[in-house]
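Student: Here it is: the structure, laid out below.
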Ligand SMILES: [Zn+2]
């Protein structure tokens, strides 16, 4: 078994206290507490302590004039993040981020995902998408407001989450894994794609599998999900029963694909030297999906 029993980026100890977000007095009260803590980030890169927890400082470490978001409470301590501007590509999981992610306990990585997601979203949404005016942090940092008092149109903007389906085609005792051109040698994983406007999860799974591998989906079952903060996806992991093992690869999307059985998947997850393929990393939901299928899901 891996150290991630649950999908990566889930299991945060954060109590979100969302019913108080529209109460500025509650926000100010939390910010004035000596126990208030600020998530230490270098841009979007987290900092870890030696025990695998996130590094937190006092609110005095926040840059002046920068808005704060109140994530919620952990251990009864208010947890904030400074909404600094960042120029980093939010979809890029840098080497530096990977290094810290491998040090963080799973619940801590999940809390980081919340902070990173808010910092990144605010940084990229300073202006109203409806009228173009500058917006301000709103609802304790969980939204932005195009403020009528500042001449704006009054629209509230909320952080978006982009759903992505990630799936294994299943036929008999085998599932299909594929690899993209840019991946490390021997890495194979589940196929994936964004849901399009006006599409159900089942329809997106069937469309993506057909587009990328030419297989015909007969039934879809949901397995598990995870937030993926690069930059703002919700990964929805499914298994799709397909009509036959015959595949027609889209060479633009995939470099190759393999039908593998439970033994081969288990060997890859164990990182056996003679495994058929190299499994995705433990914090990726494809790892959870393959694990659950190998265990009989
Ligand atoms: Zn506006």
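What follows is calculated from the coordinates using simple rules that are stated; it is not laboratory data. Computed from a predicted structure; not experimentally measured. Cβ: placed from backbone, ideal geometry, glycine included. Neighbour counts: every protein chain shown.
Student: Past the 21 angstrom mark, what percentage of all C-alpha to C-alpha distances in segment 162-294 do you count?
Tutor: On the way: 3063 of 8778 pairs.
Roughly 35 percent, once rounded to a whole number.
Student: Quick one: pull the percentage of alpha-carbon pairs in segment 1-88 with a separation above 16 Å. Before the final figure, lay out the partial values.
Tutor: Numbers: 2267 of 3828 pairs.
Here the long-distance tail beyond 16 Å is 59 percent of all Cα pairs in segment 1-88.
Student: What Kirkwood radius, in Å to one decimal, follows from the Cα pairs of the chain?
Tutor: Working: mean 1/r = 0.0479 Å⁻¹.
Every distinct Cα pair counted, the radius reaches 20.9 Å.
Student: Using 0.36 nm per residue, how much length does the chain from residue 278 to residue 34 gain when fully extended, once their Cα-Cα distance is taken away?
Tutor: On the way: separation 244, 0.36 × 244 = 87.84 nm, distance 4.75 nm.
Working it through step by step, the gained length comes to 83.1 nm.
Student: Ranked highest first by average number of other Cβ atoms within 10 Å, how do 111-119, 155-163 line up?
Tutor: Values: 111-119: 23.9, 155-163: 13.6.
Going from most to least packed, we get 111-119, 155-163.
Student: How many angstrom lie between the C-alpha centres of segment 68-99 and segment 163-199?
Tutor: First find each Cα centre; the distance between them is then 28 Å.
Student: In Å, what is the Rg of the alpha-carbon atoms in segment 78-189, and how long is Dmax?
Tutor: 19.3, 62
Student: For labels at residue 129 and residue 173 in the simple 7 Å Cα→Cβ model, what's the distance in nm?
Tutor: 4.8
Student: So, one more: Using only Cα atoms, figure out Rg for segment 61-118 and give it as a multiple of 2.2 N^0.38 Å.
Tutor: Working: Rg = 12.7 Å, N = 58, 2.2 N^0.38 = 10.3 Å.
That ratio works out to 1.24.
Student: Along the principal axes of its C-alpha atoms, what lengths does segment 231-292 span, in descending order and rounded to whole Å?
Tutor: Cα extents, longest axis first: 34, 29, 23 Å.
Student: Round to the nearest 10 and give me the degree value, 0 to 90, for the angle of helix 285-294's Cα axis relative to the longest principal axis of the chain.
Tutor: 40
Student: Give the angle, between 0 and 90 degrees and rounded to the nearest 10, that separates the Cα long axis of helix 201-213 from the longest principal axis of the Cα atoms of the chain.
Tutor: So the inclination is approximately 50 degrees.
Student: Based on other C-beta atoms within 10 Å, arrange 285, 247, 166 from fewest to most.
Tutor: Values: 285 29, 247 18, 166 26.
Fewest to most other Cβ atoms nearby, the residues stand as 247, 166, 285.
Student: Rounded to the nearest 500, what is the 222 nm mean residue ellipticity of the chain from helices alone, with -39500 (n - 2.57) per DSSP H run of 4+ residues and division by all residues? Numbers along the way, then the final one.
Tutor: Numbers: 6 runs with 65 residues, N = 297.
Per the formula, -6500 deg cm²/dmol.
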